[in-house]
Amino acid sequence: MLLILFSISLCFSRVSPDTGSFTVLYTRTSGMTNGPEFVGVAMLNGVPLSYYDSDTLKMASRQQFITDYLNADNWDYLNLLGKKRYDVMNEILNMSMISMNLTTGIHTLQWIRTLEVSEDGSVKRLMRFGFDGKDFINLEPDRMKWMASNHFARMTKVKWDSDESWNNYWKWQLETELFDLLNKYLRVGKEYFERKVQPEVFISRREPNGRDKPLTLSCLVTGFYPVDIEVTWLRNGEVMSGTHSLGVRPNHDGTHQIQKEIGINAGDEDQYSCQIEHSSLAEAQLYQWVPFAGPSVFNCSLISYGVN
């Protein structure tokens, strides 16, 4: 799984005819013996479209509508592009490790660039590199200047700031190509991105992990699309705060999942319910944990449909 270990958003005012986000993420690792040392993925609205790695040196489709749309020449171009990005990441990683005097150990370089167009027409553009989970260097597209996040990145900043062709290319990428890719693939995948998939809901109960600790009720909601969803714990119909969640995460099939937990007192389980609101549902649904003498830790009952 690819992990984005750093994040930031930059705001601009250009308007695009379509809304959504297009993201390209590359990860280069050193010192690891399992798996490819370089992987790249292109995503539209959080859904993987294509994948490239250093073991195969080939771009592979992750969605059927991409497979149907691109021809052999397109794939040849994308394979070449993937190799070029691999070479760039090798150069940056080597420069970074030399500047930090690193010769052993596991190290990770990540490169993300993304374009997000909101419904109100606002635009966010991002291009950033991270090293070992920390910000390394990022581009300010409005000034086309590179900003080093630490003194180790200064050598890279000086080199890139002085390279006019390098910066002109990324200016075109962020201001033109990503818009074109966003709009093109939204149209190509229109049926896919407009689909609605209802979630599955699983409630589990976890015993306290220590004296005077509360027990935990967990509401796992998975398999839904689109990504926007509201998951709320209620106690006797009242919204509860103090819940814990890691947020929405992608599933391998292009759907999403989210898990929300709440600490409660033993014996109060029947007072709590998990409310789900999603565009695939005609109305909100309530689920409640139900005691079950069996091997499964997941057990729930739909107790209400049509919550206003």
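GNM remark for the chain: springs join alpha carbons under 10 Å apart, and the peak mean-square fluctuation among Asn74, Asn34, Asn167 falls on Asn34. Both radii are taken from the alpha-carbon atoms of the range 193-274; with Rh as the Kirkwood radius, Rg/Rh is 1.03.
Per-residue 3J(HN,Hα) values for the range 82-88, derived from phi via the Karplus relation 6.51 cos²θ - 1.76 cosθ + 1.60 with θ = phi - 60°, read x, 5, 5, 5, 4, 5, 4 Hz in sequence order (x marks Gly and Pro).
Residue order for Phe224, Phe179, fewest other beta carbons within 10 angstrom first, comes to Phe179, Phe224. With the convex hull drawn around the C-alpha atoms of the range 10-193, the volume per residue stands at 119 Å³.
Residues Leu281, Leu81, Leu109, ranked from the fewest to the most other C-beta atoms within 10 Å, line up as Leu81, Leu281, Leu109.
The angle separating the long axis of helix 178-188 from the principal Cα axis of greatest extent in the chain is about 50 degrees.
Rounded to two decimals, what ratio of Rg to Rh does the chain give with C-alpha atoms and a Kirkwood Rh?
Rg divided by Rh gives 1.03.
Read-outs: derived from the displayed coordinates by stated rules, not from any lab. These numbers come from a predicted model, not from an experiment. Don't worry about glycine lacking a Cβ; one is built from the backbone with ideal geometry, like all the others, and counts go over all protein chains shown.
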